[in-house]
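The values are calculated or read from the model by the stated rules, or taken from the named source; none is laboratory data. Just so you know, these numbers come straight off a predicted model, no measurement behind them. When we count neighbours, we look across all protein chains shown, and the Cβ atoms used for this are built from the backbone with ideal geometry, even at glycine. We work out accessible area using only protein heavy atoms, side chains counted, and drop any ligands, DNA or RNA first. Shrake-Rupley method; radii C 1.70, N 1.55, O 1.52, S 1.80 Å.
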Amino acid sequence: MKARTISFCIFFLVLVAGTVFAEDSVFRPRLGCVPFLATSLQAMAFTEDISSSLLNSLDRVRYFEIVERKKIEQFLELEGYRLDNLDQAGILKISSKAGLDYVVSGSVTAGGAATTLTLELLDTRSKNVLMKESYYLSSSDFSRKLSEVAEKITERVRGGSGQPQLFSPAPVKHEKPAPPTGVEASGTNNSIRIRWQSSLKQSAGFNIYRSPSANGPYTIYSTAQEPSFTDENLKLNEEYYYRVAVVTGEGIVSEMSAPVRGNTVIAPPPPIFMNVEPEIKGATLAWRPRSGTGGDPRTESTGFRIYRKQGGEAGFNQVATLPAGTSGYTDRALSDGMAYTYMVTALNRDGAESDYSSRLGVRTLPVPAPPEPASGGIRQVRITWNRYPSERCDGYVIYRAASKDGAYETVARLEGIASSLYVDSGLSDRTTYWYRISAYRKDGGETDISPPVSATTRDIPPPPVKVRATGGQPRRITLSWDSAGTPEDEIKGFVIYRGMDEKLSEPLKIAEVPAGQNEYQDGKPPLSDGTTYYYRIVSINSGGAVSRGSSPVSATTKSPPEPPAGFRGSSGEVKKTVLSWEKNREPDIREYQVYVKRPDSSEFRLLDSVSGNGFTDSGLKDGAGYFYKIRAIDSDGLISDFSGEVGIRTKPLPAKVTGISVIDASLRIITWKPNQEKDVKKYNLFRKNFLGIGQKIAETAEPGWQAADTKGTLELYVTAVDDAGLESEPSETVVFKEQ
């Protein structure tokens with residue numbers, strides 16, 4: 001124990017001497033890091049490691065005074081900030097309270113086999129953003145990449161001059177760190193193991209204090225570089241109390257932790273560690289428990305603990321606790337191609353832990369070799385690769401990016417370790433793509449992606465030449481062209497576009513024809529009459545790559561006939577009208593269509609079709625108005641616009657006889673006013689029978705009449721008749737009673 005105390009005193013003096021030397025040197029700018037924002041649950045697993053590793057890298061540069069993250073986190077909590085609502089103003093406020101000259105903030109995104117760190121460096125004095133960049137991290141180059149980021153941050157702060165920025169001397173205050181927490185002790189037959197946590201990420205070490213009593217006194221018993229310690233060579237049922245303090249890089253020692261009791265106990269024998277096999281980002285352990293001794297249940301195994309250390313790490317960390325009956329465990333989320341060492345212990349029903357098993361090492365499976373993509377493909381890249389060196393692979397994942405350091409996305413997930421070919425299709429023409437590959441297991445394990453390699457696709461095919469358009473046809477246009485492609489261009493067809501202006505500002509795809517065809521008729525559905533259309537044709541190859549458009553060509557469809565001219569109709573005709581018009585100038589007029597709107601209709605309807613330039617519509621109503629219009633149709637079925645409307649009115653009936661009066665009732669003599677129409681030639685007299693039906697009994701040219709028979713009751717009325725035989729409506733009825 002004395003040797004341990006002396007060694008710690010020497011260690012402490014070295015730290016103090018280093019601190020004194022540091023206080024005499026140039027004052028360094030204070031830099032802190034706001035906790036990075038995890039953009040997903042997956043990213044939360046990486047933010048702590050990235051922050052710690054970046055601060056460690058910055059500290060090794062020896063240019064900054066690094067402010068503890070815990071201090072910044074305390075100010076965040078006091079000010080009520082959350083990472084998802086922390087803006088630049090909030091960052092500056094926290095930085096001011098923490099006394100920072102520079103502050104680093106950002107976010108972490110995890111996706112696929114890579115993690116993206118988006119980082120911003122802010123000068124808190126000038127409030128200028130000195131740096132804002134994104135970095136892609138993988139487990140294989142994690143430490144190297146963060147070291148590069150630390151160097152870049154230092155360069156940005158130096159301003160490119162290579163000289164450190166000097167600050168006015170100010171007293172350096174070293175705060176006492178918080179004591180370790182979560183101290184726990186477990187005993188074996190002849191040792192007591194102690195573990196704890198410390199919020200100080202950059203400590204120089206730990207002091208371990210021991211006492212036989214919970215109330216002390218406690219004296220320094222040993223030191224440790226890692227947050228664990230084993231008090232060995234003890235006797236069974238020995239009991240001690242332990243406390244731990246953390247020592248900073250400046251030699252400042254924290255308060256001691258709360259005491260924890262530890263004692264040696266009867267524990268089961270350690271398991272027989274039989275084997276450890278490499279996996280993708282993992283390792284599978286196998287062991288066999290030993291039987292208890294002497295019938296004491298405390299020597300029986302009721303559970304197991306797995307301990308692991310990576311590479312040259314000094315201490316082991318507990319990674320799993322497993323129930324009784326377990327004889328195997330797969331450790332996940334490890335780094336590719338990394339060496340790990342494992343130990344296993346057994347637990348009894350009281351929680352007492354055995355001694356460590358033997359140590360077994362393993363190296364996880366490596367990242368696959370880079371794939372071999374081939375250039376020159378038509379909108380595709382043919383990718384091959386070597387078989388993965390382990391049968392513990394279930395398949396491969398192909399990743400692609402637009403640039404070497406760009407964001408890689410999954411393009412294929414292939415099942416089967418024997419797979420060695422993938423064709424990445426649907427790509428852009430004459431474009432360079434970058435590829436990486438990983439190996440995976442169906443249970444979820446996947447290696448990091450391989451180093452990037454590139455390939456370039458082929459250029460687009462040439463457009464068609466000698467494109468021609470033939471117009472003057474009814475509702476169609478005929479196109480023809482020649483192909484300019486060679487067999488290597490693998491042209492499989494042509495696509496035809498149509499537009500309504502010379503620039504084809506709104507092109508419409510109207511057809512896609514095979515490579516052997518060099519003519520096309522645009523007419524289904526029919527085109528508009530007398531309209532100019534513009535065309536452009538492109539070539540398309542076997543990979544779907546499309547050429548530039550040909551030079552535009554245009555043609556105009558056949559125009560429809562002109563509306564018939566000189567259209568007229570006769571009025572005053574008896575029950576008819578005569579329509580006539582001038583013949584159209586077009587030589588191929590097939591017919592004219594005559595439309596009528598009758599008095600009892602609000603719409604025009606087709607009346608008839610004629611080949612000549614005249615038409616008589618008969619059987620019309622007397623004194624009624626009719627409207628007509630016509631249009632011409634040529635031999636191709638093209639239809640003109642309608643002519644102007646023509647209205648006519650047929651000859652009306654004579655006016656109703658009025659002014660009828662009885663001159664002599666006994667002689668049955670009546671008179672009436674003569675009609676004003678000049679063509680009224682006579683008047684008809686009608687007698688009503690008992691059914692009220694009129695029967696003609698006489699006619700006269702004069703406006704008067706005398707009945708020949710003066711007996712019986714006589715009811716009569718008068719109508720007027722003109723030269724055309726049109727008869728007016730009946731007059732008022734005159735009644736003669738029997739005398």
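Angle of helix 142-158 to the longest C-alpha principal axis of the chain, folded into 0 to 90 degrees and rounded to 10: 80°. Per the Debye formula on identical point scatterers at the alpha carbon atoms of the chain, with no solvent, log10 I(q)/I(0) at q = 0.06, 0.10 Å⁻¹ is -0.67, -1.15.
A straight chain from Thr556 to Asp350 at 0.36 nm per residue would run longer than the Cα-Cα distance by 64.3 nm. Both radii are taken from the alpha-carbon atoms of the stretch 577-670; with Rh as the Kirkwood radius, Rg/Rh is 1.35.
At a probe radius of 1.4 angstrom, the accessible area of the stretch 408-467 per residue rounds to 47 square angstrom. In a DSSP loop and with at most 10 other Cβ atoms within 10 Å, the GluC sites (Glu not before Pro) in the stretch 677-739 are Glu738.
Restricting the calculation to Cα atoms, the stretch 299-381 yields a radius of gyration followed by a Dmax of 20.1, 71 Å. Checked against a 28 Å cut-off, the cross-linked pairs Lys132/Lys201; Lys466/Lys509; Lys145/Lys442; Lys97/Lys132; Lys145/Lys176 give Cα-Cα distances beyond that limit for Lys145/Lys442; Lys145/Lys176. Amide H contacts of Met338: Thr364, each under 5 Å away and 5 or more positions distant or on a separate chain (H built 1.01 Å from N in the peptide plane; Pro and chain starts excluded). Taking only protein heavy atoms and a 1.4 Å probe, the accessible area of the chain is 48% carbon and sulfur. For Phe567, the residues whose modelled amide H falls within less than 5 Å of its own, excluding neighbours fewer than 5 places apart on the same chain, are Glu582. Taking a point 7 Å out from the Cα of Thr658 in the direction of its Cβ, the residues of the stretch 712-739 whose backbone N falls within less than 18 Å of it are 718-721, 728-734. Relative to the dominant Cα principal axis of the chain, helix 88-98 is inclined by about 20°. For the pair the stretch 465-520 / the stretch 269-335, the C-alpha centres are spaced 73 Å from each other.
Remark: the Ala701-Glu133 segment gains 192.8 nm on full extension, using 0.36 nm per residue and subtracting the alpha carbon distance. Computed over protein heavy atoms with a 1.4 Å probe, the accessible surface of the stretch 70-136 works out to 49 Å² per residue. Each of Lys673 and Val546 was given a label point 7 Å from its Cα along the Cα-to-Cβ line. The distance between the two points is 8.4 nm.
Approximating the spin labels as points 7 Å out from Cα along Cα→Cβ, the Lys492-to-Arg382 distance works out to 1.6 nm.
Straightening the chain between Glu506 and Glu372 buys 44.0 nm, computed as 0.36 nm per residue apart minus the Cα-Cα spacing. Here the convex hull built on the C-alpha positions of the stretch 317-364 has a volume of 87 cubic angstrom per residue. Applying the Karplus relation 6.51 cos²θ - 1.76 cosθ + 1.60 with θ = phi - 60° to the stretch 598-607 yields 3J(HN,Hα) values of 7, x, 8, 9, 9, 10, 7, 10, 5, 9 Hz, where x marks Gly and Pro. Over all pairs of different C-alpha atoms, the stretch 209-306 has a mean inverse distance whose reciprocal, the Kirkwood radius, equals 17.0 Å. Among the chymotrypsin sites (Phe, Trp or Tyr not before Pro) found in the stretch 645-739, those both in a DSSP coil and sparsely packed, with 14 or fewer other Cβ atoms within 10 Å of their Cβ, are Phe690. The equivalent ellipsoid that matches the C-alpha gyration tensor of the stretch 262-329 spans semi-axes of 25, 16, 10 angstrom, in descending order. Our coupling estimate for the stretch 176-181, obtained by passing each phi through the Karplus curve with A = 6.51, B = -1.76, C = 1.60 and θ = phi - 60°, is 6, x, 6, x, x, 10 Hz, Gly and Pro reported as x.
Rounded to the nearest 0.05, what FRET efficiency is calculated for Ala320 and Lys235 with R0 set to 51 Å and r the Cβ-Cβ distance? The value I calculate is 0.95. Per residue, the accessible area of the stretch 588-739 comes to 56 Å² when a 1.4 Å probe rolls over the protein heavy atoms.
For Val183, nonlocal amide neighbours, meaning residues 5 or more places apart or on other chains whose placed amide H falls under 5 Å from its own, are Gln197. Beyond a 23 Å Cα-Cα separation, which of these cross-linked pairs lie in this structure: Lys127/Lys152; Lys583/Lys651; Lys656/Lys682; Lys93/Lys127; Lys651/Lys688; Lys583/Lys621? Result: Lys583/Lys651; Lys651/Lys688; Lys583/Lys621 exceed 23 Å. Pairs of Cα atoms nearer than 8 Å and 6+ residues apart set the relative contact order; for the chain it is 6 percent.
For the stretch 45-72, backbone nitrogen atoms closer than 11 Å to the point 7 Å from Lys97 Cα along Cα-to-C-beta are found at 72.
In sequence order, the stretch 208-219 has phi-based couplings of 10, 10, 9, 8, x, 10, 5, 8, x, x, 9, 10 Hz under the Karplus curve 6.51 cos²θ - 1.76 cosθ + 1.60, θ = phi - 60°, and Gly or Pro positions carry x.
In loop segments of the stretch 190-250 as defined by DSSP, the GluC sites (Glu not before Pro) with at most 13 further C-beta atoms inside 10 Å of their C-beta are Glu232.
Once the other residues with Cβ under 13 Å from the Cβ of Pro654 are scored (Lys, Arg +1; Asp, Glu -1), what is the net sum? It works out to a net charge of -1.
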